[in-house]
């Protein structure tokens with residue numbers, strides 16, 4: 001999963017030299033709006049990426065393309081078990097690594113024999129991609145795929161034009177055989193200087209899957225609908241704007257933060273229990289990804305049996321239960337009667353929203369409790385269909401003794417969702433003070449919680 005950023009920069013430079021991409025210069029970021037499929041994807045918030053291949057059986061992270069297909073032979077393959085655990089974690093979508101860098105394909109592709117059809121698993125008649133796609137949808141999860149451009153097995157890789165045909169044929173199989181794809185990953189790790197025909201790759205995908213979110217690094221700026229956060233640590237360490245500028249060209253590109261459930265390990269490895277992330281670590285990871293307007297993409301790895309390890313299943317269930325418990329007691333939902341307009345942001349319903357006065361660049365949204373309440377977190381969501389507008393804001397509480405508003409948290413971006421943590425405070429009035437916005441702000445939810453250490 002580690003990216004070769006230098007490679008991508010060289011690759012992008014070569015592409016930009018041949019492309020005539022009109023720049024959007026001087027346009028305010030707040031004027032750029034997402035496509036409907038992008039906002040739908042952002043509403044999913046939390047996904048899982050699955051790594052399962054010959055590497056699983058060889059105690060490897062990166063295969064070199066020489067592993068025999070006979071290596072792949074799970075004895076208890078059960079994607080339903082995976083999907084139940086994933087659903088219970090609170091995740092809403094799944095991306096399966098259909099082909100990793102070693103070139104071994106988890107579906108019976110017609111392009112090569114280096115696939116499950118040459119393995120002993122199910123006598124060569126199996127289809128991991130098909131089985132996982134069906135299980136995902138059975139458990140209410142959306143499904144997507146990762147198809148590595150780098151291929152360390154395929155002989156055609158030495159010839160860029162021939163390999164482009166090969167890769168696009170594989171992509172066409174995946175895009176036409178497994179239903180709607182919620183996300184398609186372009187990961188440029190490795191590649192050894194190979195330059196791909198990215199316009200053709202996206203053309204192939206879009207022919208059959210026009211509403212698939214394409215994940216790609218910033219170097220492939222023109223082709224990605226979502227961008228990489230920059231590390232695999234599972235956190236967003238900056239104020240997060242969905243509109244990103246590259247060489248004077250701005251577009252809507254929300255961020256996805258990927259990190260494995262087991263520290264630094266994307267594939268399963270034996271004797272690896274110590275690497276499993278704790279529940280507090282997962283909750284902190286959620287707060288610094290989804291809680292900073294990003295997608296959380298958590299890496300899971302079935303073992304040699306074809307099952308998620310019991311400890312992973314338990315941790316996912318604990319994670320989902322903790323997230324569910326957190327969301328149960330939104331204090332703002334129990335506020336005193338307010339205006340119908342403001343109530344739309346306090347109703348626990350992200351499909352409704354409050355709008356600041358038309359043309360305004362600052363506004364306040366206030367919550368008044370029936371009695372003083374103690375709280376230590378605020379969750380704010382912008383309605384992004386019209387663009388991301390809030391540039392500076394503060395969460396403030398009313399100090400009865402001093403008759404003044406006191407800030408407890410502040411920031412320079414809200415976006416899809418912002419979770420603000422602050423020392424516990426007791427107050428009867430709290431407000432979202434929008435200090436600056438590019439246009440009138442639209443707030444889907446303003447929620448107040450007392451989570452303590454949870």
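Observations on the structure shown:
- Inside segment 33-84, residues that are closer than 30 Å to residue 155 by Cβ, part of a helix (DSSP H, G or I) and free of Cβ contacts under 8 Å to residues at least 60 places away in the same chain make up a count of 5.
- Test: residue 179 is assigned by TED's automatic domain parsing to the domain that holds residue 143 and surrounded by fewer than 16 Cβ atoms within 10 Å (Cβ to Cβ): yes
- Qualifying residue in segment 107-130 (condition: assigned by TED's automatic domain parsing to the domain that holds residue 253 and within 21 Å of the chain's Cα centre (by Cα)): yes
- Within the span defined as segment 294-304, one or more residues are within 20 Å of residue 387 (Cα to Cα), in the same structural domain as residue 74 (by TED's automatic domain parsing) and touching a strand residue (DSSP E or B) at 6+ places or on another chain (Cβ under 6 Å).
- Criterion: closer than 24 Å to residue 70 by Cα, modelled with pLDDT of 95 or more and in contact with a helix residue (DSSP H, G or I) (Cβ under 7 Å, 6 or more places away or on another chain) - qualifying residue of 107, 121: 107
- Residue check, residue 65 within 25 Å of residue 168 (Cβ to Cβ) and in the same structural domain as residue 165 (by TED's automatic domain parsing): yes
- Being assigned by TED's automatic domain parsing to the domain that holds residue 101 and within 30 Å of residue 380 (Cα to Cα) is a property that residue 253 has.
- Qualifying residue in segment 145-158 (condition: touching a helix residue (DSSP H, G or I) at 6+ places or on another chain (Cβ under 8 Å) and surrounded by fewer than 18 Cβ atoms within 10 Å (Cβ to Cβ)): yes
- Criterion (surrounded by 13 or more Cβ atoms within 10 Å (Cβ to Cβ) and without any contact (Cβ under 8 Å) to a residue 12 or more places away in the chain) met by exactly one of 356, 363, 322, 343: 343
- Test for residue 346: is it under 30 Å from residue 144 (Cβ atoms) and in contact with a helix residue (DSSP H, G or I) (Cβ under 8 Å, 6 or more places away or on another chain): no
- Residue match in segment 380-392 (condition: at pLDDT 95 or above, closer than 25 Å to residue 453 by Cα and surrounded by 15 or more Cβ atoms within 10 Å (Cβ to Cβ)): yes
- Residues located in segment 336-364, provided they are out of contact with any strand residue (DSSP E or B) (no Cβ under 6 Å at 6 or more places or on another chain), assigned to a loop (DSSP other than H, G, I, E, B) and at pLDDT below 90: 337, 338, 339
- Residue check, residue 196 in a helix (DSSP H, G or I) and more than 23 Å from the chain's Cα centre (by Cα): no
- Apart from one condition, residue 161 fits all of (1) farther than 23 Å from residue 39 by Cα; (2) within 23 Å of the chain's Cα centre (by Cα); the exception is (2).
- Test: residue in segment 190-201 that is touching a residue at least 12 places away in the same chain (Cβ under 8 Å), in contact with a strand residue (DSSP E or B) (Cβ under 8 Å, 6 or more places away or on another chain) and within 30 Å of residue 178 (Cβ to Cβ): no
The values are calculated or read from the model by the stated rules, or taken from the named source; none is laboratory data. What you see is a predicted model, and the numbers here were worked out from it, not measured in a lab. Neighbour counts are summed over all protein chains in view; Cβ atoms, including those assigned to glycine, are modelled from backbone coordinates with ideal geometry.
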